[in-house]
Structure formats: structure tokens, C-alpha cells
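One structure below.
The values are calculated or read from the model by the stated rules, or taken from the named source; none is laboratory data. Just so you know, these numbers come straight off a predicted model, no measurement behind them. FYI the Cβ positions are ideal-geometry reconstructions off the backbone, even for glycines, and counts take in every protein chain you see. Heavy atoms of the whole protein, side chains included, go into the accessibility calculation; ligands, DNA and RNA do not. Shrake-Rupley method; radii C 1.70, N 1.55, O 1.52, S 1.80 Å.
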Amino acid sequence: MKAIPWFVLVSYICLASLHYGLAEGAIHYYDFVHKEHATVNDSFPGPEIHVQKGDTVFVNVHNQGKYGVTIHWHGVKQPRNPWSDGPENVTQCPIPAGTNFTQEINFSSEEGTLWWHAHSDWSRATVHGAIIIYPENGTTYPYTEPHEEETIVLASWYKADVMEVITDALTTGADPNVSDAFTINGEPGDLYDCSNETTYRLAVEYGKTYLLRVINAILNEETFFGIAEHNLTLVGTDGAYVRPATVDYIVIAPGQTMDVLVTANQAPSYYYIAGSPFADSIAPFDNTTTTAIFEYKGNYTPPSTIPFPVLPLYNDSDAAATFTNKIRALNSAEHPVNVPKNITRQIYMTVSTNTLPCPNNSCSGNSNGDRLSASLNNISFDTPSISILQAYYWNLSKDVYTTDFPEKPPTFFDFTGNVDNITLYTNPGTKVIMLDFNETVEIVFQGTNLSAAENHPMHLHGFSFYLVGKNKGNFDNATDPLKYNLIDPPEVNTIGLPKNGWAAIRFYADNPGVWFMHCHLERHASWGMDTVLIVKNGGTEATSIRPHPLPICLLVPSPRCDATPQSFI
């Protein structure tokens, strides 16, 4: 790596061909046109990407909106290619209005359902869509092939510009407004006056089995989801297969995807599909329910009252745990489990909501005039005005980030007990975790009872990882690892950290690059519940970050930053 001079940015130029090497699978091309009304290709949800395992996709993103935007390919590992991963000012600069940029998406072991979304402030509320990854030629699903497939995208709806919602909240330090509705495939449903004529309908034939690819694109609420009088069979999550589990409902967190089978085996009629929030916190949340209709084809008299699914109460954490405890990896010869057994790097990480002081106590986060914040190990991530990946690649780290992220809590206390005497204040900083190539890593996320405790969906870019254990209370390093599931833990990219509990994940650090890790509740990510993992290069070209695309992308600061624009030449 070598240092390079900095110059004031006068334009954004990124005309590079991103062909680094020959792709093993097929190559696909898409054009995404991001409009001022914050949709892609005039659709909500946005266009679907369809590939087979191992394919490569090039997406030319045309930004015709009024904000800079980046796109993240959620759950796609992007081997050695963090350049197109997407989080703003972590791995790339935002694409300015009036320009375009081509991103390369490299699929490897993923199979099932993933999704893409904007990764710039809250623009992912309406800028998102599905990624469907079919098995390779000559292989098939590890379950009876469904007659048909359908994508179900759960999302948030605001009667406001969501970018203004979060900008106002960050300016005042207060909690952002909750959404006005949830949607299923772009429609809130019959329980909202605005869409009872356009409720989404899934037409089915009696006796057929349907694969529903369910994506939670909601900004700030986890979701209970079910279909009245029909069982669901979970067969996949986060782009990997799981042991089939038949359930009455699923619990799906923002960022997660779940593949479920449903058989149309009830009397032909209408049945409600519904999604309602799971929110076990004192924090504000959208306590409304979105619906669609599971509608049988054929001649019959529609019911006067449509049956409604029985879903748990919004704060029923036991019901959520009952479902998540059923999720096990398939662990077959074709889809084996390779969970690390000998850990070389162990990180213990508290996950908290906090406060930061404001000048003259001028903010509205609490009665003390503080601003609301969030942290990992009491560090509230301060997003830089230029890309961490660029800074790392060009050895400019001292100007952008430091490598001293604490790998254990700076202070130990009863994390999930009485915290009345524990300060809510955290420390801002742009601190990262450095990992050697191919280290075997265990991260134990520890929820705390600070401020407004709740369930946190934690997401890691660049990897799938194994969820080897979770429980309520404080993690016990002596006894809890003895209860780990090292036989068939699910391989995922997003996990629900239980309220006032812990969750342990394991993975091999075999993907060199700069990778974002954050809570997928957007208000928490905006407050700093984030960090970055930098995996160093191995000793060969095949174990190193792919070369920077040329000509080099000039960097643009985030619209919320007031730093002088810079570029790397």
C-alpha cells in the first residue's frame, strides 16, 4: 500500500470496468434508476435480481434522486471484493445525484433468498428489492420442489420524507418518528384506510405448495408473520438451507430473509396474511398490522369475515424465542456445517443504547438535554466523511480511523440487571477491529439494560456466520460455551440478540477486506451501534483484496458531513 496526495473534489468520476477476472458462473447485467421519489425503476419494492449459485452480476446504478446513495447486496459475501459492498463511507463513497456507478456482485456459496437495499441514512425504506439465488445446474432444492414461488417483502411506510425524519432526529437528538404503516409488497392492507382497495393478493390453487421468500425490509421493528389456518414450513434463512421446521408463525428481524413453504390445503376461500410488530421494549414503535390476502382460485362465495392468523402479542419474547430455537442447519452431505471449533480470537461486545452530551444541554433526547446515542463496547461509531476501505487500501488510516476498538467491555457490571448507577454516556469514535486472515473468530454480543433495552438484529457484511448459542442474562464464559450447538447451528448473516441476553457467533476470517457490522434497526445504526472489521490480506493473491478498480473512484463526503470534499487520485 502507498500514500497518495489528496485534492479537492470537483467532480465524481467512476467509469471503471469492474471486470477483475473471469467469473465462474453466468454474468448478468441490470440497470437501477434511482428516482427523486426514492424508488428504483419506479417500483416499490424495487426490481428483483435472479441468479444461480456462483453467478456474477453488474448493476449500473443511475442516481436521479436528490441525495447521494449507495446500494448494499445484503448477505452476499463478495469474496475479496469489498469495493462494491455498499455501506456509505465504509466501503465506498455515495453516488452523487446526476451520476451513475457500476457495482459488481460476486455470488459464491449463497443459495436461497437475499436482498439489496440502499445503505445511505434511511433511504433503504423504499430503496430495496429481492435477490433470488437458484441452485446450480444439475442440483435442486433439498426439499420437495414447490409448484410456484412468490416473494413477500415487508417494509415501512412514512407519510414523510424518511431522510428528513432521520435528519430532524439527529439534529434535535430525539427519537425519530415511528412509521405510519407497514406494507406487504408495497401495500399496507385492509386495516389501513389508504389501501383497502389495493391490498396485495396471493392467488393460489388448492393442493399446490408455494415457496414464499419472505424479506424483512422494515426499518425499526421485528415482525411476527403468519397465514390464517395454514402452517408454514421454514426451509431456509439468509441464503442458506435449514432443517425443515413446521410452525404457526415466523419471527423475522429487519435484515433477515426466510424461505417458507405453505400448502393450499384448506377450504377454498380468503385467508389473511399478516405481519405485526415484535417490540419488547419501552422504546416507541409502530404498533400497527399489515395484511395481504391468501386467495384461492375457483368458484366459491367469498367469506363475509376473512379468517385472521393468530399471532403472538407484540412483546411476547418467549414466543419469539420458541420460534428461533427451532432453527437448525440442514447439515447434510450436500450442505455441510463447518463451524470453527478452535477459536483464536474471542471478542466480547456489549450492545447498548446510550446518550451523548449536547452543548448547553440543548438536545431533546432526555430531560437532561442530551442526545440519544448507541454503542458497541461503549464506542458510538462516528461515520467518517470518506471511505474507510479507501483509507485502508492507501494506508491513510491515521486520518480516518483507529485500530483500538476494545475487544471486551471497558467496564464490567451486571449488564442485564439494575443499572441505575451506571452512566448512560458513551464515547464517539471511528474505531475498527483488525483480524488476521483465516483467524477463527467468536463474537459474543451482550445486550445491556441501559436506557431502552430491546432485541437487536446484528448484521455482519462480507460473511455468513454460525449462531452457536444464545440465552437471556449475562454471558458466563465458563459455563455457557459448554451448551453451544456445534453440530447444526444455523448459518446466517443477521441474528436477533435477545433483550437483556447474549448471542454467540463463530466464523472464519477468510474474506480479506473492510466489512461493516451493525444493528439493523435503523435508528440504532444511525446512533452509532456499528463498527468495522478489517480482515488483513493472506500471503497470496488469491487471499488478498482484489485490486482497486481503475480509474479510481473519487470520493464524495456524505451529505450530512460538512468536511471539505476530498478525493484520492
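Post the alpha-carbon centroid distance, segment 73-95 to segment 409-429, in whole angstrom.
32
Can you list residues from other chains, or at least 5 along the same chain, whose modelled amide H is less than 5 Å from the amide H of I95?
V69, T70
Given the pairs K326/K499; K408/K499; K77/K431; K431/K536; K53/K341, which span a C-alpha to C-alpha distance of over 24 angstrom in this model?
K53/K341
Report Rg(Cα)/(2.2 N^0.38 Å) for segment 22-140, keeping two decimals.
After normalising by residue count via 2.2 N^0.38 Å, the value is 1.02.
In sequence order, what are the phi-derived ³J(HN,Hα) couplings for segment 411-424 according to the Karplus relation 6.51 cos²θ - 1.76 cosθ + 1.60 with θ = phi - 60°, rounded to whole Hz, with x for glycine and proline?
Result, ordered by residue: 9, 9, 7, 6, 4, 10, x, 6, 10, 4, 9, 9, 5, 8 Hz.
Is segment 312-419 rounded, prolate or oblate when judged by the Cα gyration tensor, a ≥ b ≥ c being the square roots of its eigenvalues, rounded requiring a/c under 1.5 and prolate requiring a/b larger than b/c?
Oblate.
Heavy-atom accessible area per residue, the chain, 1.4 Å probe: how many Å²?
38
Within segment 22-140, what whole-number % of the accessible surface is contributed by carbon and sulfur, with the 1.4 Å probe and all protein chains included in the calculation?
Solvent-exposed carbon and sulfur of segment 22-140 make up 51 percent of the total.
Over all distinct alpha-carbon pairs, what is the Kirkwood Rh of segment 345-543 in angstrom?
Evaluated on segment 345-543, it is 17.5 Å.
Scanning the chain for GluC sites (Glu not before Pro) in DSSP loops with at most 14 other Cβ atoms within 10 Å, what's the longest stretch left with none?
Result, exposed sites excluded: 408-569.
Taking a ≥ b ≥ c as the square roots of the Cα gyration tensor eigenvalues, with a/c under 1.5 meaning rounded and otherwise prolate when a/b beats b/c, else oblate, which class fits segment 414-517?
The shape class here is oblate.
Using amide H atoms built in the peptide plane, which far-off residues or other-chain residues are under 5 Å from L376 H to H?
Here F381, D530 satisfy the definition.
Would you mind getting the Kirkwood hydrodynamic radius of the chain from its Cα pairs, rounded to one decimal in Å?
In the chain this quantity evaluates to 24.1 Å.
Just the number, please: carbon plus sulfur as a percent of the accessible area of segment 345-543, 1.4 Å probe, no ligands or DNA/RNA counted.
Solvent-exposed carbon and sulfur of segment 345-543 make up 46 percent of the total.
Net charge near G173, counting Lys/Arg +1 and Asp/Glu -1 over other residues with Cβ under 13 Å of its Cβ?
-1
Bin width 10 Å, alpha-carbon pairs only: give the P(r) of segment 44-83 as whole percents, running from 0 to the bin holding the largest distance.
In order of increasing distance, the bins hold 17, 55, 25, 3 percent.
Please report, to two decimal places, log10 I(q)/I(0) for segment 456-553 at q = 0.14 Å⁻¹ as given by the Debye formula with identical point scatterers on the Cα atoms and no solvent.
Log10 of I(q)/I(0), two decimals: -0.67.
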